[in-house]
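Written out below as structure tokens is the structure these notes cover.
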Amino acid sequence: MTLLDPRPELWKLPRYQPGRSGEVATGVPPALLASNENVWGPSPAAIQAVQEAAALMHRYPDPGGEQLTARLAERHRLDPEQILLGDGADQLIRLLALAYVAPGQTAVIPRPSFQAYSLAITVAGGLSVPVALTADGAVDPHRLSQAVSPVTRLVFVCTPNNPTGPAVAAADVREMVQRMTGRPVLTVVDEAYQEFVDPLDTFTSSLALVRANLPVVVLRTFSKAYGLAGLRIGWAAAPKPVIDALATVREPFSVNRLALAAAEAALGDTVHLENVVNATRRARRRFLDQVADQRLIGFESQANFVTLRGGAAGPQVAAAFEHQGVMVRATEPFGLARHIRVTMGTDSELERFWAAWAAVDDTLPFPRRSV
Ligand SMILES: Cc1ncc(COP(=O)(O)O)c(C=O)c1O
């Protein structure tokens, strides 16, 4: 070990690999379907709010984001004391790990799922206990609770699950939480893609569990349906003692002034949100129909992406798509080999995807379902 080495558990940790973006590609702008961004863009009201807030960038932002917190509380029938804003949901995942998982303790995480969970747990000095999904790619609350041990502090549920896409009914999450009554375990329900689920009455949000004061944290983000990924803002809903713990660990001023202004404006533009959600669901339905027509193997997604089984390792298939000017995401870093994840784009972006797919399929044939 040298002076320059970090803590041993960080030695072999790979850096987070983001989906590749057009900024690193050359020539014709590629179709950017690798990062589950909102391809329709933000609300015009959010853009205007950022322009107005920019004149005050020499002033620190409101550290508590009180105005936005109050709006979120009102919208979701929560108490403002049950909400904490974060520099993206990513920061809130990090704060949860730092506040709740000490060295020697564990977090139960679904796998394949969002890689930020295990990374955050490792950084905190804890251990992740991975639990397999159901055969159709959904998080299985029953299996998660079975993996809980006396040293478990957190259980993560990702619904809809990234990178597969199926959602879990909140009733199943509630049942899992109730089964763990008496254990010192906090359940974290990551609902980054909740706005896209359909029908909503089946896949209701776990915010109801926070309202019922159960030991549950719900994570939401403005990066997806609200189209503010570039500004970094998300929020957590949880019982007040959890919010207090996270607020203590969080850096002051971690949510910037422009993000606060944009999020408040975006929250107010319900028409834009509805248009984005409807367009995404429409694109997903058409995409899944084409997957079925071609007899490809994909997951029934409830999010703004669809994941398909490829004909080779994910990075090789993704590179072949990139060669055709279409960015898709290999899912290996999430723990899912030989699949690619495709963000639901505009009609023309998805036409480019299918044209590229035909070319890729010639050299790396995608597996087909037998009839
Ligand atoms: C499941 C899930 N949770 C959280 C995040 C992070 O969201 P944010 O952009 O708010 O940090 C993502 C981003 O892709 C995600 O897929």
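The table below lists the values:
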read-out: Filter result (within 14 Å of Val188 (Cα to Cα) and not in a helix (DSSP H, G or I)) within the stretch 85-104; value: Val101
read-out: Extreme residue, farthest from the ligand (Cβ to nearest atom), among residues of the stretch 54-98 that are out of contact with any strand residue (DSSP E or B) (no Cβ under 8 Å at 6 or more places or on another chain) and among the aliphatic types (A, V, I, L, M); value: Ala55
read-out: Qualifying positions in the stretch 218-250 - more than 11 Å from the ligand (Cβ to nearest atom) and without any contact (Cβ under 8 Å) to a residue 40 or more places away in the chain; value: Val218, Pro241, Asp244
read-out: Counted residues, the stretch 167-201 - those being buried (at least 19 other Cβ atoms within 10 Å of the Cβ) and either hydroxyl-bearing (Ser, Thr, Tyr) or within 17 Å of Leu219 (Cα to Cα) (or both); value: 19
read-out: Flag for Glu351 being over 16 Å from Gln17 (Cβ atoms), without any contact (Cβ under 8 Å) to a residue 24 or more places away in the chain and surrounded by fewer than 23 Cβ atoms within 10 Å (Cβ to Cβ); value: yes
read-out: Leading residue by the ranking (nearest to the chain's Cα centre (by Cα)) among those in the stretch 21-58 that are at pLDDT below 95 and surrounded by 12 or more Cβ atoms within 10 Å (Cβ to Cβ); value: Ser21
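The values are calculated or read from the model by the stated rules, or taken from the named source; none is laboratory data. Only a predicted model underlies this, so the values are computations on that prediction, with no experimental measurement involved. Note: ideal-geometry Cβ built from the backbone for every residue, glycine included; neighbour counts use all protein chains shown.
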